[in-house]
1. Any lysines with Cα under 22 Å of the residue 115 Cα? List them, leaving off those in the same chain fewer than 8 positions away.
2. What is the spin-label model distance, in nm, from residue 152 to residue 64 if the labels are put 7 Å beyond Cα along the C-beta direction?
3. What does the charge count around residue 24 come to, taking other residues whose C-beta lies under 15 Å from its C-beta (Lys +1, Arg +1, Asp -1, Glu -1)?
4. When you count, for each residue, the other Cβ atoms within 10 Å and take the mean per peptide, how do 42-55, 177-190 rank with the highest first?
5. When DSSP assigns beta bridges and you keep just the ones with both residues in the range 18-147, what percent turn out antiparallel, to the nearest 5?
6. Of 233, 89, 204, which has the most accessible area and how do the rest follow, probe 1.4 Å?
7. Report, to two decimal places, the Cα Rg of the range 215-279 normalised by 2.2 N^0.38 Å (N = number of residues).
8. Three principal axis extents, largest first, for the C-alpha atoms of the range 8-73, in Å?
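The values are calculated or read from the model by the stated rules, or taken from the named source; none is laboratory data. Since the structure is predicted, the reported quantities are computational estimates derived from the model, not experimental observations. No Cβ is skipped: glycine too gets one built from the backbone with ideal geometry, and neighbour counts run over all protein chains shown. We work out accessible area using only protein heavy atoms, side chains counted, and drop any ligands, DNA or RNA first. Shrake-Rupley method; radii C 1.70, N 1.55, O 1.52, S 1.80 Å.
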Amino acid sequence: MVERSFKFSIDRGGTFTDVFCECGNGKLRIMKLLSEDPSNYRDAPTEGIRRILEEVTGIDHPKNSPVDTSRIQYIRMGTTVATNALLERKGERTALITTKGFEDLQYIGNQSRPKIFDLNIRRPEVLFECVEEVDERVVLLKEGEYICDNPDDVVIGVSQEALYVEKAIDEDEVRSKLENIKARGISCIAVAMMHSYTYPAHERCVERLARELGFTQISLSSTIMPMVRLVPRGCTTCVDAYLTPVLKRYLSSFCSGFDAGLAQDVSVCFMQSDGGLTSMDTFLGNRSILSGPAGRELH
């Protein structure tokens with residue numbers, strides 16, 4: 001039985017890719033490649049792994065064949081794929097779906113003024129292309145502050161807070177809004193509704209309808225960042241919808257360079273912005289912006 005002694009740690013930057021390998025028996029191997037060199041290889045991390053395996057084992061690993069993973073124990077990678085897509089504004093076309101009356105909330109933001117005397121105010125760009133409002137509303141119930149018309153519409157949220165469903169979601173309206181987005185050629189949506197951090201039912205309804213209509217990326221604020229404040233929750237959700245498709249395409253391309261053993265027998269993890277490692281299935285756009293820089297900082 002072949003020993004899985006090769007442990008790869010990779011930093012895929014915008015210009016260079018650095019590959020560090022523990023080859024077993026105390027042997028170390030370091031390789032540096034251009035991150036983009038299509039005339040010589042399709043993917044730099046894959047090529048680095050292939051070359052090291054070939055050089056250390058003396059076994060031929062053909063460039064145009066899937067890399068043999070039988071000797072690989074793990075692959076850990078930090079990448080600036082999402083970072084560069086965000087900086088260069090090369091993410092996926094995205095639409096925002098939010099509660100009626102809050103169409104401009106992400107444009108307004110939190111009104112932060114780091115330079116309070118600066119007369120040339122530059123508003124941060126939003127990542128979504130259009131906004132669709134949904135006529136739904138839930139209200140937090142606080143004793144003595146709000147009287148609901150129908151006690152049967154009172155629900156208990158995830159945070160154990162009482163809420164009144166003042167306006168239930170209309171599926172026909174939502175489907176019409178989604179069809180409008182689809183007609184514009186947009187297949188990614190960010191959904192951020194009032195109080196969804198504790199009452200996610202309306203967002204999940206939008207998700208179900210969007211999947212029926214064939215949307216490829218659906219980011220819910222109640223899942224991505226279940227926190228009280230709608231501005232940062234909505235912003236983070238838009239980032240996720242904008243970047244996750246780019247990241248998933250890269251991960252799919254990376255995996256295609258290896259044999260079936262990569263998914264079955266090799267531990268493949270990616271570094272998140274917080275410096276922690278996560279599997280490919282849970283590596284999302286909103287958590288990957290500082291993936292590469294975080295790895296270099298820890299090093």
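1. Counting by Cα, and skipping residues close in sequence, residue 115 has no lysines nearby.
2. 7.0
3. On the way: positive: 4, 7, 27, 29, 71; negative: 3, 22, 55.
Spelling it out: positives minus negatives among the neighbours equals +2.
4. Working: 42-55: 20.4, 177-190: 18.2.
By packing density, highest mean first, the sequence is 42-55, 177-190.
5. The antiparallel proportion sits near 55 percent.
6. Details: 233 0, 89 105, 204 140 Å².
Reading off the accessible areas and sorting them downward yields 204, 89, 233.
7. On the way: Rg = 14.8 Å, N = 65, 2.2 N^0.38 = 10.7 Å.
Its radius of gyration relative to the 2.2 N^0.38 Å reference: 1.37.
8. Cα spread of the range 8-73 along its principal axes, largest to smallest: 32, 23, 16 Å.
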